[in-house]
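Accompanying notes for the structure given below.
Please treat every number below as a calculation from the coordinates, not as lab data. Remember, predicted model here, so these are calculated numbers, not experimental data. Heads up, the Cβs are rebuilt from the backbone with ideal geometry, glycines too, and the neighbour counts pull from every protein chain shown.
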Amino acid sequence: MEFEVYLRAFKPEDAVFINDLRKSKDIEEKIGGVTKFVSLEREQKWVNDIIYNDDPRNGWLAVCEKGGDDSIIGYASVNDIDYRNGTCMGGGIKVISPTPGKFYGLQVLLLGMKHAFEELRMVRFAVLVMEENPGSLRIMERAGLKREGLMRNYIYKNGKHRNCWMLSITDTEYWEVKQKFDI
């Protein structure tokens, strides 16, 4: 696969984009997590905390389009990193492509998995996907993640409790996916 995006560390100026992205109702209602109203000042503090405080349990990565000017077009995270057991959770992927018709979800997921397995030495990478988001579910399964079960009433989102699919991939399965997609 020819990757059209890459991951990098956050920069202080990314806070403006992230704050604007957080306001996107279309994105927020499809992903888990709490929808928050956050001021730009609070967003700037959050980004700076990520940059300057080494948090061994969570890693946030900016998504950028190749051939661009290193501007952020989204972000993803690897959370709940457990080095003892070698497990982690893939956080939400939020990306808005500046190129019409381009969708980068699969590429960002594969790069996040590469980071988790090859850099963090994880043996298991898991994600949660809201049941009402079949597009994300298809992306996860295309990337080799397997459904483990439906977690009923797992999150409260958009005014009611929602079910989430738990999916995961192990390090052995990842190496097969790495070959398949030429990561």
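Subtracting the Cα-Cα distance from 0.36 nm times the residue separation, let me have the gained length for Lys11 to Asp182 in nm, one decimal.
Details: separation 171, 0.36 × 171 = 61.56 nm, distance 2.86 nm.
Fully extending the segment from Lys11 to Asp182 adds 58.7 nm.
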| Amide H partners (placed H, <5 Å) of Val5, local residues excluded | Lys66
| said: Looking at the chain as a GNM with Cα springs under 10 Å, which of Asn153, Asn79, Asn133 has the largest mean-square fluctuation? | reply: Asn153
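How much length is gained if the chain between Glu2 and Asp171 is pulled fully straight, taking 0.36 nm per residue apart and subtracting their Cα-Cα distance, in nm to one decimal? List each step's numbers first, then the result.
Details: separation 169, 0.36 × 169 = 60.84 nm, distance 2.23 nm.
Result: 58.6 nm gained on full extension.
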| task | Run the dipole for the chain about the Cα centre, Lys and Arg Cβ at +1, Asp and Glu Cβ at -1, nothing else charged, and hand back the magnitude in debye, nearest 20. | result | 640 debye
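Given a Förster distance of 30 Å, report the FRET efficiency between Arg138 and Ser24 from their Cβ-Cβ distance, rounded to the nearest 0.05. Could you put the intermediate results ahead of the total?
Values: r = 21 Å, r/R0 = 0.70.
Efficiency computed from Cβ-Cβ geometry: 0.90.
Applying a 10 Å radius around every beta-carbon, put 102-108, 2-8 in order of their mean neighbour count, most first.
Working: 102-108: 18.7, 2-8: 14.7.
Put in order of decreasing packing, that is 102-108, 2-8.
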| task | Sticking with the crude label model, points 7 Å out along Cα→Cβ, report the distance from Ser71 to Asn163 in nm, one decimal please. | result | 4.1 nm
| remark: Residues Thr99, Thr170 in order from fewest to most other beta-carbon atoms within 10 Å are Thr99, Thr170
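May I have the count of lysine pairs in the stretch 1-145 with C-alpha atoms under 12 Å apart, counting pairs 8 or more residues apart or located on different chains?
Numbers: Lys11/Lys45; Lys23/Lys36; Lys23/Lys94; Lys25/Lys36; Lys25/Lys94; Lys30/Lys94.
The result is 6.
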| Computed [θ] at 222 nm, deg cm²/dmol, the chain (DSSP H ≥ 4; -39,500 (n - 2.57); rounded to nearest 500) | -9000 deg cm²/dmol
| request: Tell me which label goes with the value of volume of the Cα convex hull per residue in Å³ computed from the coordinates here: (1) 142; (2) 119; (3) 132. | output: (2)
| request: Work out, step by step, the length gained on full extension between Val123 and Asp80: first 0.36 nm times the residue separation, then minus their alpha carbon distance; give nm to one decimal. | output: 14.1 nm
| task | Could you work out which residue, out of Leu111, Leu150, Leu167, moves most in a Gaussian network model of the chain, that is, has the largest mean-square fluctuation with Cα springs under 10 Å? | result | Leu150
